[in-house]
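Novice: Below is the structure I would like to discuss, written out as structure tokens.
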Ligand SMILES: Nc1ncnc2c1ncn2[C@@H]1O[C@H](COP(=O)(O)OP(=O)(O)OP(=O)(O)O)[C@@H](O)[C@H]1O
Ligand SMILES: [Mg+2]
């Protein structure tokens, strides 16, 4: 469904992504792991057209994404969350989730805050409620981000990404900053979303999450793919172990 073909992204002399290729299989959870600075977020930003590659191509359902702008990506059925939460602070939870749908209603982000709830399109409102129920945040719809726990915020952001009903969901470190219980919740949510037919590309440092939920794991280091396989294969791979032990030594 998504095919990254020999993509290179350079910032000045630094090749953040270096002749990197990977293929996602429809309906699977595919993890992309690697040490800090490996190029994982840069690859996400290339797929979502925030960053332009110098080389290579990215095909989604057989069609190149490179000719698209970042705001076109959602129409193709791709949605994401961010490593650093990007929720709208001036909007409550309902409005933040709703903002994941505005492209469908030809609406602008500014009109979301100025509308009273009763003016929201009925269908859109029902969708927000349905997704809020799925993510167990229905009783927080009138709260503002500043009043919510980090675990709750992560769920709101994922709800906003899922409400557009994407075929492919890109999650950049969904468990970062979460405590044990919040991490268990997010694991269940990732699996639940996947069971509802969404293909997931997951960037995550928490190996417990990666090993539990992933069907396939790709390991990246210095912009290059160094290993790929099932969670078990990858965790027994010598080079992968070296990279992760090396990281520990430096820590
Ligand atoms: N906009 C940019 N300008 C210059 N360098 C950048 C830019 N974005 C990323 N980099 C560099 O590219 C490399 C890859 O960064 P990236 O954020 O993709 O890594 P990552 O694998 O997501 O790391 P982490 O696990 O810490 O999030 C790093 O060396 C980073 O400093
Ligand atoms: Mg990153």
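Just so it is clear, none of the values below were taken in a lab; they were calculated from the coordinates. Remember, it's a predicted structure, so these values are computed and weren't measured experimentally. Here the Cβ positions follow ideal geometry from the backbone for every residue, glycine too, while neighbour counts run over all protein chains shown.
Novice: Quick one: length gained pulling residue 233 to residue 136 fully straight, 0.36 nm per residue minus the C-alpha distance?
Specialist: Additional length available on full extension: 31.5 nm.
Novice: Show me 167-179, 129-141 ranked by packing, highest mean number of other Cβ atoms within 10 Å first.
Specialist: Ranked from most to least packed, the peptides come out as 167-179, 129-141.
Novice: Quick one: which of 63-75, 13-25 comes out on top by average Cβ neighbours within 10 Å, and what's the full order, highest first?
Specialist: 13-25, 63-75
Novice: For the stretch 1-102, what is the relative contact order in percent, using Cα pairs closer than 8 Å and at least 6 residues apart in sequence?
Specialist: It comes to 26 percent, rounded to a whole number.
Novice: Which of rounded, prolate or oblate describes the chain when judged by the alpha-carbon gyration tensor and an a/c cut-off of 1.5?
Specialist: Prolate is the answer for the chain, as a/c is 1.5 or above and a/b outweighs b/c.
Novice: Taking 7 Å along the Cα-to-C-beta vector as the label spot, tell me the residue 192-residue 242 distance in nanometres, rounded to one decimal.
Specialist: 4.3 nm
Novice: Then there's this: What is the calculated FRET efficiency for residue 211 to residue 23, with r their C-beta to C-beta distance and R₀ = 25 Å, to the nearest 0.05?
Specialist: Between residue 211 and residue 23 the formula returns 0.75.
Novice: A follow-up question, please. Report relative contact order for the chain in percent, whole number only (criteria: Cα-Cα under 8 Å, sequence separation at least 6).
Specialist: Normalised by residue count, the contact order of the chain is 28 percent.
Novice: Ranking request for peptides 36-47, 200-211: highest mean number of other beta-carbon atoms within 10 Å first, then the rest in descending order.
Specialist: 36-47, 200-211
Novice: Using 0.36 nm per residue of separation minus the Cα-Cα distance, give me the extension gain between residue 123 and residue 66 in nm, one decimal.
Specialist: Computed gain between residue 123 and residue 66 is 17.3 nm.
Novice: For Cα pairs less than 8 Å apart in space and 6+ apart in sequence, what is the mean separation divided by the residue count of the stretch 18-69, i.e. the relative contact order in percent?
Specialist: That works out to 24 percent.
Novice: Please arrange 82, 60 by how many other C-beta atoms lie within 10 Å of their C-beta, fewest to most.
Specialist: Neighbour counts put them in this order, fewest first: 82, 60.
Novice: Continuing with this model, one more query. Counting only DSSP beta bridges with both residues in the chain, tell me the antiparallel percent, nearest 5.
Specialist: 55 percent
Novice: Report the extension gain between residue 222 and residue 54 in nm, rounded to one decimal, defined as 0.36 nm multiplied by the number of residues separating them, less their alpha carbon distance.
Specialist: Roughly 58.8 nm would be gained on extension.
Novice: Can you compute the modelled spin-label distance between residue 84 and residue 103, with each label point 7 Å from Cα toward Cβ, in nm?
Specialist: 2.3 nm
Novice: How long, wide and thick is the stretch 167-251, going by the Cα atoms along their three principal axes, in whole angstroms, largest first?
Specialist: 36, 27, 22
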